[in-house]
Structures are given as structure tokens and as C-alpha cells.
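Below is one structure, written out as C-alpha cells; comments come after it.
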Amino acid sequence: MRIPIVNEQDEVIGYEDRKNDNPKNITRISALWITDKYRNILLAQRAFTKKYSPGVWGPAVAGTVEEEETYESNIIKEAEEEIGLVGFKPVLGPKTRVSSAHEYFCQWFTIVVNSDYPFKKKDDEVEKIRWFTRKEIGKLIKEEQEMFSGNFEHYFNLFK
């Protein structure tokens, strides 16, 4: 699989095989912030077999944009693959630039779904999916921050 490499303006400057995985290259990630009508938040725990951040909780859906994909087409594909979510139109959210172990732009999308939607997780991607209240997440960030992905508190604050 080839992924776009972008510059600081998020313009494609080339492509690289994902297996090469140069953390200095800036890539593109799409992520989906899912809430229900009560503003509860659906989070996913990454599979323990994942190369990066195994077992940590983060957004319900996220994925690396591949060649020939847009941020939006990627998040629609990832939502179906990771948690079985289909037939939705994502709402464009903020775009963030992240500089950590990897360099990337993250384009966020949001949706509101019924809390009884029949999600179906993909075992090699997702360990668990679960609804959390905002209060519960706020408390866990303070008391057990290591259970979340590295930038999760920042993401949580984007959607307050």
C-alpha cells in the first residue's frame, strides 16, 4: 500500500510504500469523532496486536489515507472496516497537525448516531468499542492518562 507524503501545507509531494514507514515523513490520517444524541462518545481500544500504541483507547475510527483516497473516502472506508458503520455522511471537523513519534495531518470528521447502532468490530484492528460519558473521559484522563492514545486529551478538548 502506498501512502501520500505531504509538505507543511498538506500538499502531496510524493508517495511511499507504507512498509518503509519513515516517521519523519508527514502523512495524512483521518479520524471520526462519534457521539450519540446525549453527547456520549464512542471510543475504540486498539487491538493488542497493533504495531503502534497497542491496547490504548482513542477515537472510534482512524486510519492512514492511502494513494487515490481523500480524507473523506478514507474515513468512510475505515468506519466500515473497523466498526461496521455504513451509510453515513461524515461532517467535516477540524484539521490538526501532529508532531510526535510520527508526523501527520489529522482531518477530523464527526457524526451523531443512535447508541443502539449494531457496531461490529474488526478483531485485528479493534479490541473493544464502548460508549463513554464526557465526565467519565475527563476523570480517566486525569487519573489514568496512559490508557489513552498520546494526543487523546487534545482531541477530547477539540470536541467539548
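Some values worked out for this structure:
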read-out: Residue check for LYS51: closer than 21 Å to LYS121 by Cα and modelled with pLDDT under 95; value: yes
read-out: Residues of the range 16-66 classified as assigned to a strand (DSSP E or B) and loosely packed, with under 12 Cβ neighbours inside 10 Å, total; value: 1
read-out: Subset tally (residues that are under 17 Å from PHE105 (Cα atoms) and not in a loop (DSSP other than H, G, I, E, B)) for the range 67-92; value: 7
read-out: Residues being without any contact (Cβ under 8 Å) to a residue 12 or more places away in the chain and either in a helix (DSSP H, G or I) or acidic (Asp, Glu) (or both) - total across the range 1-15; value: 1
read-out: Where ALA101 falls short, out of the listed (1) surrounded by 14 or more Cβ atoms within 10 Å (Cβ to Cβ); (2) modelled with pLDDT under 95; value: (1)
read-out: In the range 35-70, residue farthest from GLY14 (Cα to Cα) [restricted to those that are of a type in the set (S, T, N, Q) and in contact with a helix residue (DSSP H, G or I) (Cβ under 8 Å, 6 or more places away or on another chain)]; value: ASN40
read-out: Inter-residue pairs, beta-carbon under 7 Å, first over 12 Å from THR96 (Cα atoms) and touching a residue at least 24 places away in the same chain (Cβ under 8 Å) and in the range 23-37, second of a type in the set (Gly, Ala, Ser) and surrounded by 17 or more Cβ atoms within 10 Å (Cβ to Cβ), 6+ apart; value: LEU32/ALA60; LEU32/ALA79; TRP33/GLY93; ILE34/ALA60
read-out: Selection from the range 75-97 of residues that are touching a Phe, Trp or Tyr at 6+ places or on another chain (Cβ under 8 Å) and within 16 Å of PRO4 (Cβ to Cβ); value: ILE75, LYS95, ARG97
read-out: Sole residue being farther than 22 Å from ASP17 by Cα, touching a residue at least 24 places away in the same chain (Cβ under 8 Å), surrounded by fewer than 18 Cβ atoms within 10 Å (Cβ to Cβ) and among the aromatic types (Phe, Trp, Tyr), chosen from PHE152, PHE88; value: PHE88
read-out: Those residues of the range 107-129 which are acidic (Asp, Glu) and surrounded by fewer than 13 Cβ atoms within 10 Å (Cβ to Cβ), in sequence order; value: ASP116, ASP123, ASP124
read-out: Test for GLU72: is it of a type in the set (D, E, K, R), closer than 19 Å to LYS128 by Cβ and surrounded by 13 or more Cβ atoms within 10 Å (Cβ to Cβ); value: no
read-out: Residues that are in contact (Cβ under 8 Å) with a residue 60 or more places away in the chain, assigned to a loop (DSSP other than H, G, I, E, B) and hydroxyl-bearing (Ser, Thr, Tyr), drawn from the range 105-144; value: SER115, THR133
read-out: Flag if GLN107 is polar (S, T, N, Q), modelled with pLDDT of 95 or more and more than 23 Å from ILE129 (Cα to Cα); value: no
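The values are calculated or read from the model by the stated rules, or taken from the named source; none is laboratory data. Computed from a predicted model, the values in this text were never measured in an experiment. Please note: Cβ atoms are built from the backbone with ideal geometry, for glycine as well, and neighbour counts cover all protein chains shown.
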